[in-house]
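Undergrad: The structure is given below, and queries will be raised subsequently.
The values are calculated or read from the model by the stated rules, or taken from the named source; none is laboratory data. Computed from a predicted structure; not experimentally measured. FYI the Cβ positions are ideal-geometry reconstructions off the backbone, even for glycines, and counts take in every protein chain you see.
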Amino acid sequence: MTATLQIETPELAEPKRRRFPLLFLAVMISIAASLGIYFWPGSQEPRSASKNEGHLPFGPAEQAYASNIQFENISLSRAENFIHQEVTTLSGDLVNSGTRPLRDVELGIVFSDDLQQVVLRENRSPFGSGSSPLAPGGRREFEISLEHIPSSWNRQVPQITVSGMQFAAKIE
């Protein structure tokens, strides 16, 4: 008897495709696109009254009047926001002891380190865009939030100066 040798070759089964890598890739692309849109420059924070895109005028008339602007009751506080960033809030009163009404004022805020070297310089407006002019002899509370102060800051009250202003029409 002759035996014939037969070799059976199992049909090669097509490997199961796993959907996980494809799904994972799609989710990662969606997350990256969302983060890209959120962190796109200028989209994080809408234009607010506290940050100026341009500087207010500070010519000879404004410079001469700047000595009539005083800052009183200055205080600092620090807190953590909802995304775990330290936020420093500078608050106080701005007093117009001059004879002209002010539409807006720009403050120069300078933070220093222990060696009195400048570690941060910011220009901010304490007035809101829809606020009424500050009358002569008037006082207005302000609050400015700062998020990215360097760790080398000496934790002292920053130097505050007038770096620009806009006069208003006479108030009747």
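Undergrad: Kindly list the number of the only condition in (1) without any contact (Cβ under 8 Å) to a residue 60 or more places away in the chain; (2) surrounded by 13 or more Cβ atoms within 10 Å (Cβ to Cβ); (3) assigned to a strand (DSSP E or B); (4) of a type outside the set (D, E, K, R) that fails for Asn73.
TA: Unmet for Asn73, out of (1) without any contact (Cβ under 8 Å) to a residue 60 or more places away in the chain; (2) surrounded by 13 or more Cβ atoms within 10 Å (Cβ to Cβ); (3) assigned to a strand (DSSP E or B); (4) of a type outside the set (D, E, K, R): (2).
Undergrad: Here is a follow-up. Restricted to the range 8-35, and to residues that are surrounded by 10 or more Cβ atoms within 10 Å (Cβ to Cβ) and among the hydroxyl-bearing types (Ser, Thr, Tyr), which residue is modelled with the highest pLDDT?
TA: Here the answer is Ser30.
Undergrad: So Ala66 clears everything in (1) farther than 21 Å from Phe167 by Cα; (2) at pLDDT 95 or above except one condition, right? Which one?
TA: The number of the failed condition is (1).
Undergrad: Shifting gears a bit: Search the range 123-135 for residues that are charged (D, E, K, R) and pair each with any residue that is modelled with pLDDT under 95 and assigned to a loop (DSSP other than H, G, I, E, B) when their beta-carbon atoms are under 6 Å apart and the residues are at least 6 apart or on different chains.
TA: So the pair list comes out as Arg124/Ser50.
Undergrad: Still on this structure, I have one more. For the range 145-157, state whether one or more residues are crowded, with 17+ Cβ neighbours inside 10 Å and more than 21 Å from the chain's Cα centre (by Cα).
TA: Taking every residue of the range 145-157 in turn, none turns out to be crowded, with 17+ Cβ neighbours inside 10 Å and more than 21 Å from the chain's Cα centre (by Cα).
Undergrad: What do you reckon, is Ser67 of a type in the set (Ser, Thr, Tyr) and either touching a His at 6+ places or on another chain (Cβ under 8 Å) or farther than 20 Å from Leu120 by Cα (or both)?
TA: So Ser67 fits the description; yes.
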